[in-house]
Amino acid sequence: MGALRDRTPEGVRAVRLAEADPSVPGEMRDVPAVAVCATCGDPSCPGHDFELSGERPIRRTFAWEDGETSATRALWRTAIASTTDLELWVRASTRSDGGVGPSFTFALACETAAVVSACVPLALLGVALAWTLTHSLSAIGTVLIVAARVAAVFVPVMIVIHVAYQWSLARAGDRLGTRAPKGSALRAGLYACGWDLATGPAGVLASLFVGEWREARRRMQGNSTLFRSASRTWLQTVHGVGGARADAAANATRPWMALLVLVAVAATGWALFASLR
């Protein structure tokens with residue numbers, strides 16, 4: 001089918017471009033563009049939604065830092081992007097002009113939303129059970145106090161877990177390969193808090209609400225795969241470490257993770273004890 005008979009937008013643009021450029025060979029005038037920009041239709045457009053790096057469009061900023069997206073939407077988009085696009089997570093974390101402030105506010109907001117979305121259903125279930133078994137308002141009050149204290153403890157604990165893990169991973173990568181930019185491990189750990197929102201109850205329910213069953217299942221499984229995938233991406237991109245050396249660097253973080261789990265358990269136990277005594 002010739003280009004003059006190709007009524008698709010790509011075919012029409014190809015004809016116009018060929019007519020405008022006499023240097024285009026005659027046999028190429030019937031070939032539509034392979035890919036065009038969705039905004040302007042120009043096949044040579046470097047991209048409207050990305051920052052430029054050389055000749056290729058590369059996105060380097062999360063919505064949380066673009067200064068254009070509303071706070072609520074930026075929080076959600078950044079949480080999803082940090083989970084689904086690990087290369088963007090690395091680039092956004094290692095920006096030379098990136099500060100700690102935006103990433104910290106994101107982590108605080110993200111963990112608060114993630115913990116609340118997990119604790120509220122559990123609190124409601126506990127209230128229902130307490131009322132069914134005791135018909136006591138004091139029992140209901142105790143359940144609510146426990147839920148509130150556990151939530152208050154988990155928000156900072158989860159932030160510390162992500163930052164400490166990323167710091168230990170960066171230290172191991174520094175010993176085996178290229179040193180990470182200053183402050184990048186801290187930013188990466190803070191932005192990794194988005195994983196808890198995206199793969200937690202809020203993220204799974206959001207996928208189910210729009211009928212994306214496969215995506216909901218993927219997010220549920222993300223809790224067990226994200227740390228490993230993110231570790232490999234970080235080590236390869238930032239430190240230039242791959243293969244067995246990357247596995248060795250990842251294994252070096254296990255003692256830190258074990259310690260952090262113990263800290264989380266101790267903090268939860270303290271919250272329960274303080275509420276019940």
Pair list, Cβ under 9 Å, 6 or more apart: the stretch 105-130 residue free of Cβ contacts under 8 Å to residues at least 60 places away in the same chain and assigned by TED's automatic domain parsing to the domain that holds VAL163, other residue exposed (fewer than 15 other Cβ atoms within 10 Å of the Cβ) and among the acidic types (Asp, Glu): none
Unique match (being closer than 18 Å to GLU87 by Cα, surrounded by 15 or more Cβ atoms within 10 Å (Cβ to Cβ), touching a His at 6+ places or on another chain (Cβ under 7 Å) and of a type outside the set (A, V, I, L, M)) among GLY194, GLY189, GLY177: GLY189
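How many of the residues in the stretch 69-85 are within 15 Å of LEU190 (Cβ to Cβ) and in contact with a Ser or Thr (Cβ under 7 Å, 6 or more places away or on another chain)?
Residues in the stretch 69-85 being within 15 Å of LEU190 (Cβ to Cβ) and in contact with a Ser or Thr (Cβ under 7 Å, 6 or more places away or on another chain): 1 in total.
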Only listed residue being closer than 23 Å to LEU86 by Cβ, assigned by TED's automatic domain parsing to the domain that holds SER93 and at pLDDT 75 or above, chosen from ALA206, ALA216, ALA252, ALA258: ALA206
Given (1) modelled with pLDDT under 90; (2) buried (at least 20 other Cβ atoms within 10 Å of the Cβ), index of the condition THR69 fails: (2)
Verdict on ARG91 being of a type in the set (Lys, Arg) and over 25 Å from VAL204 (Cα atoms): yes
Sole residue being part of a helix (DSSP H, G or I), modelled with pLDDT of 90 or more, surrounded by fewer than 14 Cβ atoms within 10 Å (Cβ to Cβ) and not small (Gly, Ala, Ser), chosen from LEU124, LEU108, LEU75: LEU124
Pair list, Cβ under 9 Å, 6 or more apart: the stretch 178-194 residue of a type in the set (Lys, Arg), other residue surrounded by fewer than 24 Cβ atoms within 10 Å (Cβ to Cβ) and not in a helix (DSSP H, G or I): ARG187/THR94; ARG187/ARG95; ARG187/GLY98; ARG187/GLY99
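The values are calculated or read from the model by the stated rules, or taken from the named source; none is laboratory data. Fair warning: this is a prediction, and the values are worked out from it, not measured in the lab. Backbone-built Cβ (ideal geometry, glycine too); neighbour counts: all protein chains shown.
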